[in-house]
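For reference, the structure discussed in these notes is given below.
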Amino acid sequence: MTRYQDDFYDAINGEWEKTAVIPADKSRTGGFIDLDEEIEELMLTTTDKWLAGEDVPEDPILANFVKYHAMVRDFDKREADGIEPVLPLLEEYQNLESFADFASKLAAFELAGKPNFLPFGVSPDFMDARTNVLWASAPGTILPDTTYYAEDHPQREELLNLWKESTSNLLKAYNFSDEEIEDLLEKRLELDRRIAAVVLSNEESSEYAKLYHPYSYEDFKKFAPALPLDDFFQAVIGQTPDKVIVDEERFWQAAEQFYSEEAWPLLKASLILSVVNLSTSYLTDEIRILSGAYGRALSGVPEAQDKRKAAYHLAQGPFRQALGLWYAHEKFSPEAKADVEKKVATMIDVYKERLAKNDWLTPETREKAIVKLNVIKPYIGYPEELPARYKDKVVDESASLFENALAFARVEIKHSWSKWNQPVDYKEWGMPAHMVNAYYNPQKNLIVFPAAILQAPFYDLHQSSSANYGGIGAVIAHEISHAFDTNGASFDENGSLKDWWTESDYAAFKEKHRRLSTSLMVKNLTVQKLMVN
C-alpha cells in the first residue's frame, strides 16, 4: 500500500488504475465515465420498457419520444429503406445549376433544416449580454485545428488520407461512382484548404474577448455582395438586422472565396457531402458505422456504439430536456437539491473570504469580484419547466425517420431565429438533467449542476459532508473559478464584456496566468518524455 507522503497520486488512484478499463466505445475512463455509463444503462433499461409498453409515463412529450424511439429502433425497416429516404434531398442539391440558383434558395434551405453553408447564429451580445443579437461565424475544418495544415505537421497527410478513405467508403454506400467520389473529395478538400487559411485556430478562438467585431448591417453586406442577405433575413427574421457581430473576421474578409460563381463547384461538392453527413445516423447501421470511422480514429475509440446505445442516443436528442426532467424527478430529491444549494453558497462564501484576504489585488478589483460572486446564479438539479417548443415535436408516423428528424430540426431552427433581438432567456438550460457534467456560462453569470452529476461518487445526501465537499465541492469550486479565468475575467456581473479590473491588477493576473501555463507546459513535456523513455 503506497503511503500518501511517498506518492500521493498512486496512494489515491493506484488500486483503481490496476483494474480500470477504457470502454471500447469511449476514449477515456474514470469517475465521470463510470457514472455516465451507470446512468446510460438506467436510461436504456427504462426506455426499453417504454418501448415494450411498460410503465410509460403519462406525458404527451415523452409519448412522442417513445414513438420516435420506436422508429429509430426499427432496424428492419431502416435496412429495407436503405438510402431511399435521403435521395430526394440529394437530388435537390445535385440539380442546383449555379451559385445564383443556390443563393435564391438560401432562406428556404435554412428554415427547412437543409445545408446552406451560412454560419449565422443568434446569441447574447458581448456588450449587452441581456439581449440576443446576430453573429456571423465560420465553417469548421476537416482536420482538428488550423495548425494541422502546416506543411511540416507530422499528422497532416496521414489524417487527410484517413478522412479521404473513410469518406470514400461512406459515399460508396450511397451508390456514388468512383469518378463521382474522386471529384467530390477533390473539391471538398480544396474548399477546406481555403477555409483553413482564414479561420481562427483553436488557440485564437479560445480568447472570447478578442472575438467581438461589431459591424453595421450595411457594412457587413459588403463582405459578400453575391449573397442575397436582404432576402435571406427578411425570410428568417422578418426584417433586416441593424448590426452583425463577427467572431471570424478573417473568414468574412475572404468571403468571395466561398460565396461566388468561381467557388460554386467547390461549394456544391461540399453541400452534397453535407447532405450525406446530415443523413448518416438515420439510415442503415452500416452507414452509421462508416460515418463515424474518421471521428473514432481521431479520438482513439476502437469501436462504434452498439445499435441499441446508438438508437437511444439518437432518439433522445430532440427530447433530451424531457428525459432529463423524468430522470431528475425519479432520482434527485428536493432534500438533495436544497443541500447542494447550501454547498454552492458555502463555496461562494469561501471565494469571498479568500478575495477579502488577497494580497495582490487592489480593493477596487476585489470589491467588483465580490459583486460578481454575489450575483452568480446557481442552477441545481433540473430546470423548472420544459422549453415551450417541445410540444411542437410531434412524430408523423406516415413519414420516414429522416423526415421526422428534419421536422424536429425545423422546430429548433425556428426557435433559434425567434430569439433575435429578444431578451436572453435565463430559464433554459444548456444541458439535460441526466448528463454527467456541469458548466459556467460567462454571458449569463450562472453555474449549472445537472442531477446526474449530483450522484455518488461525487455526491450523496447520506454520506459525510467532507466526502461531499471532496467530490462535488471540487466540481462546484472548479465551475466558480471559470468566472475569473482568462475568459470569465473579461465579463462583468451581468455577463457583459467589460474591463472591470484595474490596469495593474489585470496585468498581474495575466502574468500569473502566463507563469502557470508555462509551468503546466513544462510538466506535460516532462510527462511525455518519461512516457517515451
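The values are calculated or read from the model by the stated rules, or taken from the named source; none is laboratory data. What you see is a predicted model; the values in this text were computed from it and never measured. With ideal geometry, Cβ positions are generated from the backbone for all residues, glycine too; neighbour counts draw on all protein chains shown. Ligands, DNA and RNA are excluded from the accessible area calculation, which covers all protein heavy atoms including side chains. Shrake-Rupley method; radii C 1.70, N 1.55, O 1.52, S 1.80 Å.
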Any residue on another chain or 5+ positions along whose placed amide H is under 5 Å from the amide H of Thr131 is listed here as Asp125, Val424
Given charges at beta-carbon only (K, R positive; D, E negative), |dipole| of the stretch 1-86 in Debye
160 debye
Sort Thr141, Thr365 from largest to smallest accessible area, using a 1.4 Å probe on the heavy atoms of the protein chains.
Thr141, Thr365
Pairs of Cα atoms under 8 Å, at least six residues apart: use those to get the relative contact order of the chain, whole percent.
21 percent
Taking alpha-carbon centroids only, the stretch 441-516 lies from the stretch 372-430 a number of Å equal to 26 Å
With point charges of +1 on the Cβ of Lys and Arg and -1 on the Cβ of Asp and Glu, referenced to the Cα centre of the stretch 283-392, which listed residue (Trp360, Pro378, Ala304) lies farthest in the positive direction of the dipole?
Trp360
Structure-derived volume of the Cα convex hull per residue in Å³ - corresponding label in [x] 225; [y] 140; [z] 185
[z]
Non-local residues with an amide H under 5 Å from the amide H of Gly381, with H modelled 1.01 Å from N and Pro and chain starts lacking one, are Phe449, Ala451
For the table Lys342/Lys372; Lys309/Lys377; Lys368/Lys444; Lys105/Lys414; Lys307/Lys414, the rows whose alpha-carbon distance is greater than 24 Å are Lys309/Lys377; Lys307/Lys414
Solvent-accessible surface ranking, highest first, for Arg410, Arg515, Arg288 at 1.4 angstrom:
Arg515, Arg410, Arg288
So which trypsin sites (Lys or Arg not before Pro) in the stretch 181-286 are both in a DSSP loop and have at most 13 other Cβ atoms within 10 Å of their Cβ?
Lys222
Just to verify a number: what accessible area does Leu454 come out at with the full protein assembly present, 1.4 Å probe, Å² rounded to tens?
10 Å²
For the ranges 312-318, 323-329, 357-363, what's the packing order if you count other beta-carbon atoms within 10 Å of each residue, average per peptide, and put the highest first?
323-329, 312-318, 357-363
Arg250 paired with Ala467, simple spin-label distance in nm, labels 7 Å along Cα-to-beta-carbon
5.1 nm
To the nearest 20 debye, the stretch 414-479 has a Cα-centred charge dipole, built from +1 on Lys and Arg Cβ and -1 on Asp and Glu Cβ, of 280 debye
Does the stretch 472-511 classify as rounded, prolate or oblate by the C-alpha gyration tensor (a ≥ b ≥ c root eigenvalues; a/c under 1.5 gives rounded; else a/b over b/c gives prolate, otherwise oblate)?
oblate
Computed magnitude of the charge dipole of the chain (debye, nearest 20; Cβ of K, R +1, Cβ of D, E -1)
1340 debye
Can you give me the span-like helices of the chain, meaning DSSP H runs with 24 Å or more of Cα extent along the axis and Kyte-Doolittle mean at or above 0.0?
401-418
So what's the net charge close to Asp349: Lys and Arg +1, Asp and Glu -1, counting the other residues with Cβ under 12 Å from its Cβ?
+3
Selection from Thr346, Phe117, Leu446 lying farthest towards where the dipole of the chain points positive, charges on Cβ
Thr346
